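S.K.: Once you've had a glance at the structure underneath, I'll fire off some questions.
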Amino acid sequence: MFQLKLKYLPLLIFLIGVFSGCQNENESTALLDAEIKTLIGKMTLDEKIGQMFQAADGFYSSEEELKKAVREGRVGSFLNIQGAERVAEIQRMAKEESRLGIPLLFGRDVIHGYRTIFPIPLGMASSWDTSMVKKAMRISAVEAASMGINWTFAPMIDITWDPRWGRIAETTGEDPFLTSQFTKAMVEGIQGDLNDPTALAACAKHFVGYGMAEAGRDYNTTYIPEPLLRNVHLKPFKAAQNAGALTFMSAFNDLNGVPTSGNEFTLKTILRDEWNYKGMVFSDWASIEEMISHGFASDKKHAAEIAVKAGIDMEMATTAYIENLKKLIEEGKISEELINERVANILRVKFQLGLFDKPVENTALSTDTILAGSHLAHARELARNSMVLLKNSHHILPLSKEIRSLAVIGPLADAPHDQMGTWVFDGNEEDSETPKTTFQNLLGNKLHYAAGLEYSRDKSKNGFIDALAAAGKSDAILFFAGEESILSGEANSRGIINLPGIQAELISELKKTGKPLILIVMAGRPLAIQQELEMADAVLYAWHPGTMAGPAIADLVFGDYSPTGKLPVTFVKGAGQIPFYHYRKNTGRPASKSDVIHIDDIPRNSKQLSLGFKSTHLDYGIEPLFPFGYGLSYTKFQYSNLKLSTKVLNSTSTISVSADVQNIGNFETDEIAQLYIRDRVGSITRPVKELKGFKKFRLMPGETKNVQFDIKPKDLEFFNGEKFVTEQGDFDVWIGPNSVDGLKGEFAFE
Ligand code: BGC
């Protein structure tokens, strides 16, 4: 009994420490470290190496083998083990039947919902609403915990500038500031109160630079110079650490010639030595062994040596560690001290999560929480907030609820699985409400449905006749275009990012009916939809909205709410414009709109050497299809009266920048105001726009609100290749509705 109490003491003190300030925190950290050391002192080398292994379901040849491994302490975590009862039983065995009673971590990818599926992360990010996203992740954690899961491999916080990359769907977009805000929200939502049975350990992934895969082809090589690494890609990971993320996952990519799962510079120099990260770092699936294919390790033993030295504490799914770490010690290539360090990081997470403490029967909660009414209501609200209105000619949207007839057409109108998007292991298509179902329920026989195309890549025109007939009988057409969930996500990269198949052809046929044509796009990436945009009267970009797609879309289509979403990524006109992002540099020959000469306008037999020596494309020009931060509403907002509290910032002061935003339309809704800066001259060149703040607020028709942001010297800081600096000089500042429009001011930092 006494022993038992002592065992829980460090956790208790650690938690008190977390909530009651630094000194206690230091004491509790020291106590916890001492407890971990004592435990490690009791462990055999085999037990230590066991902790460093995460077994995937199916790894052991039978349940008996699995249980034997647990009893013998040969495994520290499981991945994808299913079933609350089974998980509880395995956990009970670890705690009661293994020699030292060390609990297990049960990990699973709960990326944007467990059973209640929220929009894909890129959709969630379009809400620019961190509290809504935090709540969604809390709900996901509560549902997952009810199945015994205590660790999820989220948030995914890679930054990408390439919509060809399938995993763009899992990101929160192209911007380091926006992603860092969502990182904090997601980590806090997932972990909640670590004392609570519904707390899940969060995992910041993939460390680091994975989103820069060349040509957007998944797993491809990345080259990221250190300023870009630190100013962009590492930023969200620092935010994850600050938010208390208990774990980090290394990535698959080769970064500047060194695979990230064996990269001492990122894993050791930056993460451990510079940032002093105390959490657990684990590999991605097989990413240790894959260093052999990368040409960085000669065999599994070599790969294990590289990874363990660089700082990977636990290996996911593969066996380089369990097969080789002991041998590496025997050969004197690594020390047992190094193993102790790695194991300490693993045990720390188990203590912090309270796994030694929490009674096993509590690990598996009641299943009533799954798909609770409040969860579905939040999924609907977040889906609604994630959709971005890209075009709305002649206020065609919202439609009147009194509409006499409506055509619902398109391959994504009734796709219960695909509307959930990528990375859905536990969502069930039977739980999805599709647009077809919702509109049918709302309109009865006034609704004319025809798929037109069975799925996005369908090349058969057999369905066109029915689709045109449905359109002919209707006052307006809702066309649900897009791509299935399988076309985005891991390993699902595309070189051509247009609407797949012959959707454009069907849209063009429907256009000929002369009926109002409203395009609703469900996709896992920003597709190049220039052609379709021109044909449609309105375009609502819905991403993959999740379980509640149908009701959320209907809420917007019939004007119960206005769309409020804004783009977390730049939309390109075509893949040839990639990469195109607002954080770009200016070049020595920036073009303005008047410099652009279109390829069709070049005189035949032109003998000129060039057309102005400016940085532009002869076909695309200089603008993207839609800029970062863009999104329309059913109302209009007017920005005015930009004010800066002072024109000069110094190292101890703050500038307050404010503007008035007025709702000059007829619809009560939210606006998302954005703050950007530009550092005009730097010791290395600086981006043309950097997002530094955003605020979402509600305005009644006619109402004006003053939106205000603070800029501190820290906000001007950047890594210049040698160190982080805040340089004196002149800055531009904007408050606006997106990354290109807005009110511009200026200030100096002295
Ligand atoms: C992915 C990770 C994921 C892991 C486990 C890997 O292929 O890259 O993001 O968490 O699998 O499913």
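The values are calculated or read from the model by the stated rules, or taken from the named source; none is laboratory data. Every value quoted in this text rests on a predicted model; they were computed, and no experiment measured them. Positions of Cβ are backbone-derived with ideal geometry, glycine not excepted, and every protein chain shown enters the neighbour counts. In case anyone asks, the SASA skips ligands and DNA or RNA and just uses the protein heavy atoms, side chains included. Shrake-Rupley method; radii C 1.70, N 1.55, O 1.52, S 1.80 Å.
S.K.: Restricting attention to region 114-139, which residues are within 16 Å of the ligand (Cβ to nearest atom), open to solvent by less than 10 Å² (accessible area, probe 1.4 Å) and closer than 17 Å to Leu376 by Cβ?
M.R.: Met137, the sole residue that qualifies.
S.K.: Same structure again: Any chance you could count how many residues in region 708-732 are open to solvent by less than 20 Å² (accessible area, probe 1.4 Å), under 27 Å from the mean Cα position of the chain (by Cα) and closer than 19 Å to Gln674 by Cα?
M.R.: Of the residues in region 708-732, 3 are open to solvent by less than 20 Å² (accessible area, probe 1.4 Å), under 27 Å from the mean Cα position of the chain (by Cα) and closer than 19 Å to Gln674 by Cα.
S.K.: Residues in region 444-463 that are open to solvent by 60 Å² or more (accessible area, probe 1.4 Å) and assigned to a loop (DSSP other than H, G, I, E, B): how many? I'd like the intermediate steps shown before the answer.
M.R.: From region 444-463, those open to solvent by 60 Å² or more (accessible area, probe 1.4 Å) are 445-446, 449, 454-455, 457, 459, 461-462; that's our starting set.
Restricting the remaining residues to those that are assigned to a loop (DSSP other than H, G, I, E, B) gives 454-455, 457, 459, 461-462.
Residues meeting the conditions: 6.
Here's the yes/no breakdown for (1) touching a His at 6+ places or on another chain (Cβ under 7 Å); (2) aromatic (Phe, Trp, Tyr):
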| position | (1), (2) |
| --- | --- |
| Arg74 | no, no |
| Phe78 | no, yes |
| Ile81 | no, no |
| Glu85 | no, no |
| Leu105 | no, no |
| Val110 | no, no |
| Tyr114 | no, yes |
| Pro119 | yes, no |
| Met124 | yes, no |
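S.K.: Which one of these does Pro563 not meet: (1) surrounded by 20 or more Cβ atoms within 10 Å (Cβ to Cβ); (2) within 23 Å of Thr160 (Cα to Cα)?
M.R.: (2)
S.K.: Okay, next question. Suppose we keep only residues that are surrounded by fewer than 16 Cβ atoms within 10 Å (Cβ to Cβ) and more than 31 Å from the chain's Cα centre (by Cα) within region 655-695. Which one would you say is farthest from Trp128 (Cα to Cα)?
M.R.: Ser683
S.K.: Name the residues in region 374-418 that are over 18 Å from Val521 (Cβ atoms), open to solvent by 30 Å² or more (accessible area, probe 1.4 Å) and more than 28 Å from the chain's Cα centre (by Cα), would you?
M.R.: His394, His395, Ser400, Lys401, Glu402, Arg404
S.K.: Of the residues Phe237, Phe207, which single one is aromatic (Phe, Trp, Tyr), open to solvent by less than 10 Å² (accessible area, probe 1.4 Å), in contact (Cβ under 8 Å) with a residue 24 or more places away in the chain and closer than 27 Å to Gly495 by Cα?
M.R.: From the options Phe237, Phe207, the qualifying one is Phe207.
S.K.: Output the number of residues of region 240-261 satisfying the condition of being buried (at least 23 other Cβ atoms within 10 Å of the Cβ) and more than 16 Å from the ligand (Cβ to nearest atom).
M.R.: 0
S.K.: Condition first: in the same structural domain as Asp196 (by TED's automatic domain parsing), of a type in the set (A, V, I, L, M, F, W, C), buried (at least 18 other Cβ atoms within 10 Å of the Cβ) and closer than 30 Å to Asn220 by Cα. Can you find one or more residues in region 346-356 that meet it?
M.R.: Yes, region 346-356 has at least one match.
S.K.: Hey, another quick one. For region 733-750, enumerate the residues that are among the small types (Gly, Ala, Ser) and either over 29 Å from the mean Cα position of the chain (by Cα) or exposed (fewer than 15 other Cβ atoms within 10 Å of the Cβ) (or both).
M.R.: Taking region 733-750 first, the residues among the small types (Gly, Ala, Ser) are 736, 739, 742, 745, 748.
Passing the criteria: Gly745, Ala748.
S.K.: Is it true that some residue in region 50-64 is closer than 18 Å to Ser146 by Cβ and either touching a helix residue (DSSP H, G or I) at 6+ places or on another chain (Cβ under 6 Å) or crowded, with 18+ Cβ neighbours inside 10 Å (or both)?
M.R.: no
S.K.: Taking region 150-185 only, how many residues are open to solvent by 10 Å² or more (accessible area, probe 1.4 Å) and either closer than 21 Å to Gln352 by Cα or within 14 Å of the ligand (Cβ to nearest atom) (or both)?
M.R.: Number of matching residues: 1.
S.K.: Kindly indicate which of Val142, Val87 is touching a Gly at 6+ places or on another chain (Cβ under 9 Å), open to solvent by less than 10 Å² (accessible area, probe 1.4 Å) and of a type in the set (A, V, I, L, M).
M.R.: From the options Val142, Val87, the qualifying one is Val87.
S.K.: Here's a follow-up. Can you tell me how many residues in region 613-635 are at positive phi and open to solvent by 40 Å² or more (accessible area, probe 1.4 Å)?
M.R.: Residues flagged as at positive phi and open to solvent by 40 Å² or more (accessible area, probe 1.4 Å) within region 613-635 amount to 1.
S.K.: Another one. Can you name the number of the only condition in (1) under 30 Å from Ile677 (Cα atoms); (2) touching a strand residue (DSSP E or B) at 6+ places or on another chain (Cβ under 7 Å); (3) crowded, with 21+ Cβ neighbours inside 10 Å that Ile520 fails?
M.R.: (1)
S.K.: Still on this structure: Using the structure shown, decide if Asp284 is at negative phi, within 16 Å of the ligand (Cβ to nearest atom) and assigned to a loop (DSSP other than H, G, I, E, B). Can you show your working first?
M.R.: Values: at negative phi: yes; within 16 Å of the ligand (Cβ to nearest atom): yes; assigned to a loop (DSSP other than H, G, I, E, B): yes.
Yes; evaluated as a whole, the condition is true for this residue.
S.K.: Under 19 Å from Ala450 (Cα atoms), open to solvent by less than 10 Å² (accessible area, probe 1.4 Å) and among the hydrophobic types (A, V, I, L, M, F, W, C), is that true of Leu527? Even if it seems obvious, please write down each step before you answer.
M.R.: Values: under 19 Å from Ala450 (Cα atoms): no; open to solvent by less than 10 Å² (accessible area, probe 1.4 Å): yes; among the hydrophobic types (A, V, I, L, M, F, W, C): yes.
Answer is no for this residue.
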